[in-house]
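First the structure, in the form of structure tokens, and then the observations on it.
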Amino acid sequence: MSGRHVRTVTGLRAEGRLGRIVLDWTPVPWDTVVDHYMVYAAPDGGPSRLLAKTVYPHYVHSGLGGNARRFTYEVITVDAAGARSTPSASLAASSQASVTATGSPLAVVGDFDGKGLEFALSPNGYSRYPATFPDGVDFRVGTDAPGIGWSYLHPGPSDSWAGRRTHTLRLRFDLAAVPAGEVWLAIWLIDSHATSPGSAALDVNGTPVDRLRFEGGATRGSLEGDATVPGTRLRPSYLERPLPAGLLTTGENVLTMVKDEGSWIAWDAIGLFEV
């Protein structure tokens with residue numbers, strides 16, 4: 001059908017973030033009864049393809065991983081009769097690069113791959129957490145196996161299945177020397193509780209660092225472990241930040257997360273990287 005009477009999208013804009021690109025545009029005027037918008041994306045050097053259909057003037061292109069990736073976007077309006085507009089002006093945007101791609105790993109648990117299936121109790125064994133991890137997670141890099149020693153969920157005091165209490169995670173790792181560069185913490189989640197992801201207190205070697213605040217997810221990560229499946233309802237999120245200088249030492253180091261607010265988070269991976 002001809003698109004000459006259907007309003008073309010204007011104001012397309014993009015914000016590159018870690019692992020995703022956020023798209024927004026100006027809604028078409030009321031004289032076009034919009035059924036949906038069609039979002040097209042073309043990776044550098046590749047053909048354009050239909051990425052999504054949405055009723056909102058907003059879309060998050062997620063699951064882009066740790067490397068910076070560049071896409072060119074166009075949006076088409078589809079009205080209630082099925083007629084399509086001409087494409088919007090194209091817009092190129094890039095996601096941000098992760099320290100998991102640009103830094104040197106110091107201590108890593110998990111694969112930074114959009115999956116949490118390598119961890120204990122995954123994908124849906126959360127009811128066994130209290131018996132398996134009665135004192136929380138205490139994991140030593142290079143000695144312990146993620147499939148045994150690291151729970152796929154880190155619960156919080158809002159979780160009745162985990163006793164409605166605070167839960168502590170300790171990540172132990174050895175360093176032959178203190179890193180010369182800046183050290184970053186990378187936390188990738190495949191999902192989190194939608195309305196109450198909460199926060200966790202972070203300290204390194206007994207020194208309080210900060211409070212880590214988590215994004216709301218889709219409340220599916222307690223049952224599913226792979227955010228790379230097409231059409232997944234999981235909602236991954238990413239938290240990467242530098243650590244203050246002088247926290248790490250030669251020999252054993254201990255990073256502690258105390259989940260004392262909100263509900264669970266579901267792990268993809270965690271690591272410290274020198275950049």
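Just so you know, all these numbers are worked out from the coordinates, no wet-lab data involved. Predicted model only: the values in this text are computed from it and were never measured. Every residue, glycine as well, gets a Cβ built from its backbone with ideal geometry; the counts of neighbours run over all protein chains shown.
Chymotrypsin sites (Phe, Trp or Tyr not before Pro) within region 1-99: which are DSSP loop residues with at most 10 other Cβ atoms inside 10 Å? Those satisfying the criteria are 30.
Note on residue 49 and residue 84: their simple-model spin labels are 1.6 nm apart, each label 7 Å out from Cα toward Cβ.
Ranked for footprinting exposure by Cβ neighbours inside 10 Å, fewest first, 140, 165 give 165, 140.
Exposure proxy shown here: for 36, 61, 167, 5, the number of other Cβ atoms within 10 Å sets the order, fewest to most, as 5, 36, 61, 167. In this structure, residue 164 and residue 247 have a Cβ-Cβ separation that, at R0 = 35 Å, corresponds to a calculated FRET efficiency of about 0.65. Helical runs (DSSP H, four residues minimum) scored at -39500 (n - 2.57) apiece and divided by the length of the chain put the mean residue ellipticity at 222 nm at -500 deg cm²/dmol. Potential lengthening of the chain between residue 94 and residue 30 amounts to 19.9 nm, from the contour at 0.36 nm per residue minus the alpha-carbon distance. Residue exposure proxy: 240, 182, ordered by other Cβ atoms within 10 angstrom of their Cβ from fewest to most, comes out as 182, 240.
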